[in-house]
Structures are given as C-alpha cells and as structure tokens.
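Student: I'd like to ask some things about the structure below.
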Amino acid sequence: MITDQKKFITGHSHLAETVKWLDAIIFSSNPDGSEYYFITEAVEKIIGITPDMIIQNPKVLLGFLLPEYVTLFRDFVAEVRKGNNKSIEYKIINARNEEVFLRHSAYPIFSEDRLVRVDGIIYDITREKTNSLLLQKSEERFRTLFETAEDLIFMLNSAGNFIMINTNGALSLEYSPNELLGRHFLELVDNKSKPEIAKSFQKILRTNKIETFEAELVTKYAKNIFFEINATSTKENGVIDSVLAIGRNITSRIRDREKYKELYNKLIEANRIISIERDRAKQKISVLEELNRLKNEFVSNVSHELRTPLASIIGFSETIHADQNLPEEMRIEFNSIILDEAKRLSRLINNVLEISQIEDGAIDLQKSQFNVVESLKSIIDASIPKSDEKEITLSINIADEEIAIFADRERIEQSIENVISNAIKFTPPKGRVTILAKKLFKEFELIISDTGIGIPKKDLPYVFQKFYKVSRPGDHTPGTGLGLVFVKNIIDLHKGLITVQSEEGKGTTVVIKLPLKNK
Ligand code: ATP
Ligand code: MG
C-alpha cells in the first residue's frame, strides 16, 4: 500500500506539496477502514503519529478515541458504509496526551454501484470548541448576573422600545419581562420627567458616551419610583442601533434628599425664629433699660418735686418762727403758702402710692352715688387762681341738671383735676381752656380742650405710660409723668373710656366717658 500512496503523491507532486501544509487531515481508505490509501501529514500535527504508522496499522486511530465516543463512531462508520455522507465530532487524547476535538467527515465513493472506498477530512476543532464553550460559559455568567441583579437592566431599540429587560428589573416596575418587551420606554416615565429623558436618549443615540440621568418611572400600579440610569448606545456593524441601560432604584435616596431639604428649610426657619427671638429679647432688654432710665428719671423728678415744696415749707416756717413780730397779713400769707405746698406734696405722694396700689391690684373703689356736676364745679373753682395767673380763659359749658354717677368720688375728682391741671399747665399765657360736660344716654361725657402746646404725634401713644413726659427742649414744666397714668387706671377701673387727641402747637382735647351706673 505504501507504494500506492507514494505513487499517488509522486503522480501529483504539487498537490502533495499543498496538502502537506493543510491543517486538516485528508485521507482515503477502503470501506471498512482496514486499509489506508493515503493520509496527509497533518495527522502528525493533530494526532502525533506519522502517516506511515497509520498505513501500517490502520486500527491505531481508534485507540485514541475517548471511550464515550466509541458507539457514536461505530454508528458513523456503519452509516458511511451504507453509502451516506456523514460528519461527526468527537474527542481524542492524542499521542502527545493532549485533548483534541475533531470534526470527522466521510464521503463514500462508489464505482459501478459498488462502494470502493471512503474519502474523508478531519479537522482539529479544539480551539473553535473551547472558544464556543468559553463563550457559552461567559454568556451563562452574564445571564446569571443579568437575572440576579437587583438593578433594572434593559436594552431599547433605536426607536426606544424594550428589546430586553431583566426579570428583577421588570418586577421592580410591577411587570413581567414579557409585558414590557416591545413597549416604549417613555410609557413608563412620569410626565414631568418625559421631556428631559427624551432629550437624554437623543444624546445617547448621537454619541458613544455613557449618560447618567435621573428618571421618575411609574409602575404598573401607579407607584412612582426614582431611578438613576446609566445608559450607552450599542452598535451593530458600526451603526448605533440600540441603547443598553442600567437603572438603580434611588427612591429612598431621593426621599432622603427631599427630607433633608425639608429639614434644611425648617432649620432655616428655626434660625430665623431664633434671630427674631434674639431681636425681641434685645428689644425687651432695651425696653427694660428704658424703664430703668425712666425710673431713675422719676426718682430724680420726685426728689426735685419733693425738694421744692419742702424748701418753701421749711423756709416760710422758719421765717414765721424766727420773726415774732411778723405782720399779721404776712404770717397769714406765708401760712397759706405752706399749706399749698404741703397739699402739693401730699398729692404727689398720694399719686405715687395710688399708682403702685393700682398696679398691685390692691385698690378698693369706694363707690357712691354723687352729682358729678357739683364735683366739676368745685374743681374748676379751685383752678381759677392758676388760670388767672396765666390769664387763661376758662370756657365752661356744663349741663344745668344734676348728673348722678355711681363711682369712687374722690378718685374721679382727682382724675378730673389732673386733666384740667394739665390743660392749664401746658397752655401758654392768654390761652383758652374749654370744659364741656353733658349726660348722654347712659354715660357722662366730659371734654377738656385747650389751645396749648399740644403733644407731638410720636409721643401720643405713650402719654399713658408711667413716668412718660414729652421732652421739649428748654422746657422745665414741673411734673412726674404720673398724672395721666393715674387717670387712665381710674377710668378703666370704672369701665369708662379716655381718649386724647392733640396737634402739636395747636392744642389738646381729652375726652372722658363714664357710665352713669356702675356696679
Ligand atoms: P404729673 O401729672 O404727674 O404731675 P405730668 O403732667 O408731666 O406730671 P401727665 O399728666 O401724665 O404727666 O402727662 C404726661 C405728659 O403728657 C406730660 O408730661 C405732657 O408732656 C403731656 N401732656 C399731658 N396733657 C397735656 C396737654 N393738655 N397739653 C400738652 N401736653 C400734655
Ligand atoms: Mg399731669
């Protein structure tokens, strides 16, 4: 047989040259494989034995076959002998002890309806096989990753329809993967996110960069979930044809962010309130400081007020005491001065005491029924010397009838006296003080109006504040700033009403209303 192969090869020398370099084994044998006419040199490369060894011992090939392929191989041989073209794949351990995968194709050759030989070709497909095995494995791994990942992994075609989605991802949107395939991605996007996301996808389809964006998706049962999506385009034959994307559920992150924002706003609000409170506290402090200042001023005022009448009381008393021969009229005059000053003192002290009692709530009104017109007349009479002194005209317009009120007579009289004395005190010489009194339906109304210096608008709200005196440069009008405080307290205790209207430089009007009956 060796001669046959040699003959064949010599006869086709350049063919022999060519098959020598082939990676596949080409052979020709008799139908049962017990004789080989020729077999190419590739057998050495693939199986590790020379063509000669096979030609001398054709059965040697079977020895390399792995046992699990023996049956398959027998069937294959049987088929070929029946005259069918056949291919099988099997594994051998070659002479170099390497595992090799072969694809073996055999073609029966007939001559005059008789099977005369079998030609064949054997390829080493080890690399192809291991590659496809590796590929299969890596695809399996990818599948596992794809299916077990908690994230939403999907692919969209260039129109934006789902062509692939992992089960967990679909379930997170409360769908099955099949329900989503073919649907458009934007159908799942909340309306407010739609324009932004459509823009992002257009960008992805234009470039090959990874885009990251946030999307608010709506689940099958209308729940909103926030995803952070990383997406990139993928190419087929160099043309972008789909989008691959991974989305991570960031709902809790977003909620945290919202909560944080809310807390942050609350913090700002709290800070604002704190700073307002701080300002208020500062203001309170400054009010306290102002009160303190007013108190100090009051003490010095009171001292001053006390000192003046005391000085004249002491002075006149000493004069009377020292001069036994003082003429009678002078003694009488000095005595009356002493009496007046003592009264002034007592009034001042009373005022201070009364106010502190009112403030402590420790005052008991001594109510009785009396004719307030009578009281008013005697107060006016007592004021005449002072108004005369300043040539102030007193216009009196008092109802003739008796107006009986039920009130604390002494304190009401003191209040009226305070207001009239203010009117005279703050009206320059030759001015006018008008006093109107009448009975209304259930009230007694008293209006005391003057043409005096008036009260500046800015001071008006404070005239009922303790110790408050309008400061007028160069003005030394005596007073402690307690008169109106006392008046207001008394009128309030009687459930009456007092209002002050004034215009600087023009005059002041004080209106007092007292209920006639007061239980
Ligand atoms: P006191 O009455 O305790 O002796 P006073 O008269 O200064 O002192 P209030 O009677 O309480 O205190 O009056 C408060 C302030 O209101 C006065 O200091 C004065 O500046 C202003 N005022 C009150 N009545 C008049 C008025 N008729 N015209 C102008 N200013 C007035
Ligand atoms: Mg006064």
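The values are calculated or read from the model by the stated rules, or taken from the named source; none is laboratory data. In this text, all values refer to a predicted model and were calculated from it rather than measured experimentally. As a convention, Cβ positions derive from the backbone with ideal geometry for all residues, glycine included, and neighbour counts pool all protein chains shown. Note: accessible area is taken over every heavy atom of the protein model, side chains too, but ligands, DNA and RNA are not part of it. Shrake-Rupley method; radii C 1.70, N 1.55, O 1.52, S 1.80 Å.
Student: Which residue out of 410, 402, 391, 417 is within 13 Å of ligand 1 (Cβ to nearest atom) and of a type in the set (Asp, Glu)?
Tutor: Details: 410 fails: within 13 Å of ligand 1 (Cβ to nearest atom); 402 fails: within 13 Å of ligand 1 (Cβ to nearest atom); 391 fails: within 13 Å of ligand 1 (Cβ to nearest atom).
That would be 417, the only listed residue that is within 13 Å of ligand 1 (Cβ to nearest atom) and of a type in the set (Asp, Glu).
Student: It is to be established whether one or more residues within segment 423-432 are out of contact with any His (no Cβ under 8 Å at 6 or more places or on another chain), open to solvent by 20 Å² or more (accessible area, probe 1.4 Å) and near ligand 1 (Cβ under 8 Å from one of its atoms). Step through it out loud before you land on a result.
Tutor: Going residue by residue through segment 423-432, those that are out of contact with any His (no Cβ under 8 Å at 6 or more places or on another chain) are 423-432.
Filter once more, so that each one left must be open to solvent by 20 Å² or more (accessible area, probe 1.4 Å): 425-426, 428-430, 432.
Filter once more, keeping what is near ligand 1 (Cβ under 8 Å from one of its atoms): 425-426.
Yes, segment 423-432 has at least one match.
Student: Oh, and also: Which residues, counting only those in segment 461-484, are near ligand 1 (Cβ under 9 Å from one of its atoms) and within 16 Å of residue 504 (Cα to Cα)? So that I can check it myself, show each step before the final result.
Tutor: Going residue by residue through segment 461-484, those that are near ligand 1 (Cβ under 9 Å from one of its atoms) are 462-472, 475, 477-484.
Within segment 461-484, 462, 463, 469, 470, 471, 472, 475 qualify.
Student: Please work out which one of (1) modelled with pLDDT of 95 or more; (2) part of a loop (DSSP other than H, G, I, E, B); (3) within 14 Å of ligand 2 (Cβ to nearest atom) is the condition residue 478 fails and give its number.
Tutor: Tallying (1) modelled with pLDDT of 95 or more; (2) part of a loop (DSSP other than H, G, I, E, B); (3) within 14 Å of ligand 2 (Cβ to nearest atom), residue 478 fails exactly one: (1).
Student: I'd like the residue in segment 45-59 that is open to solvent by 40 Å² or more (accessible area, probe 1.4 Å) and in contact with a helix residue (DSSP H, G or I) (Cβ under 7 Å, 6 or more places away or on another chain) and, out of all such residues, is nearest to residue 125 (Cα to Cα).
Tutor: 50
Student: While we're looking at this one, here's another question. In segment 488-508, which residues are buried (at least 17 other Cβ atoms within 10 Å of the Cβ) and of a type in the set (Ser, Thr, Tyr)?
Tutor: Of everything in segment 488-508, those that are buried (at least 17 other Cβ atoms within 10 Å of the Cβ) and of a type in the set (Ser, Thr, Tyr) turn out to be 502, 508.
Student: Between 297, 290, 333, which is assigned to a helix (DSSP H, G or I), in contact (Cβ under 8 Å) with a residue 40 or more places away in the chain and either of a type in the set (Gly, Ala, Ser) or surrounded by 11 or more Cβ atoms within 10 Å (Cβ to Cβ) (or both)? Give the derivation first.
Tutor: Working: 290 fails: in contact (Cβ under 8 Å) with a residue 40 or more places away in the chain; 333 fails: in contact (Cβ under 8 Å) with a residue 40 or more places away in the chain.
Exactly one residue qualifies, and that residue is 297.
Student: Would you call residue 71 open to solvent by 70 Å² or more (accessible area, probe 1.4 Å) and among the β-branched types (Val, Ile, Thr)? Explain how you work it out, then say what you get.
Tutor: Numbers: open to solvent by 70 Å² or more (accessible area, probe 1.4 Å): yes; among the β-branched types (Val, Ile, Thr): yes.
For residue 71, the condition - open to solvent by 70 Å² or more (accessible area, probe 1.4 Å) and among the β-branched types (Val, Ile, Thr) - is met.
Student: Please specify each residue of segment 141-184 satisfying the condition of being open to solvent by less than 60 Å² (accessible area, probe 1.4 Å), hydroxyl-bearing (Ser, Thr, Tyr) and not in a helix (DSSP H, G or I).
Tutor: Within segment 141-184, 175, 176 meet the criteria.
Student: Here is a further query. Looking at segment 417-435, is at least one residue at pLDDT 95 or above and over 25 Å from residue 388 (Cα atoms)?
Tutor: Scanning segment 417-435 turns up no residue that is at pLDDT 95 or above and over 25 Å from residue 388 (Cα atoms).
Student: I need the full set of residues from segment 441-476 which are over 17 Å from residue 500 (Cβ atoms), in contact (Cβ under 8 Å) with a residue 12 or more places away in the chain and open to solvent by 30 Å² or more (accessible area, probe 1.4 Å), in order please.
Tutor: Selection gives 442, 443.
Student: Quick test for you: out of 382, 311, 362, 322, pick the one residue that is within 60 Å of the chain's Cα centre (by Cα) and either surrounded by fewer than 13 Cβ atoms within 10 Å (Cβ to Cβ) or within 30 Å of residue 517 (Cα to Cα) (or both). Talk me through it step by step, then tell me what you get.
Tutor: Numbers: 382 fails: within 60 Å of the chain's Cα centre (by Cα); 311 fails: within 60 Å of the chain's Cα centre (by Cα); 322 fails: within 60 Å of the chain's Cα centre (by Cα).
Checking each option against the conditions leaves just 362.
Student: Tell me the strands (runs of 3 or more DSSP E) entirely within segment 194-272 that contain at least 3 residues that are free of Cβ contacts under 8 Å to residues at least 40 places away in the same chain and within 18 Å of residue 164 (Cα to Cα).
Tutor: Numbers: elements: 211-218, 224-236, 239-249.
Ranges flagged: 224-236.
Student: List, please: which pairs have Cβ atoms under 7 Å, are six or more places apart or on different chains, and start with a residue in segment 422-438 that is within 17 Å of residue 479 (Cβ to Cβ) and end with one that is open to solvent by 60 Å² or more (accessible area, probe 1.4 Å) and more than 12 Å from ligand 1 (Cβ to nearest atom)?
Tutor: Pairs that qualify, where the first residue is within 17 Å of residue 479 (Cβ to Cβ) and the partner is open to solvent by 60 Å² or more (accessible area, probe 1.4 Å) and more than 12 Å from ligand 1 (Cβ to nearest atom), are 424/386.
Student: Here's a follow-up. Does segment 398-418 contain any residue that is open to solvent by 40 Å² or more (accessible area, probe 1.4 Å), in contact (Cβ under 8 Å) with a residue 40 or more places away in the chain and outside any helix (DSSP H, G or I)?
Tutor: There is at least one residue in segment 398-418 that is open to solvent by 40 Å² or more (accessible area, probe 1.4 Å), in contact (Cβ under 8 Å) with a residue 40 or more places away in the chain and outside any helix (DSSP H, G or I).
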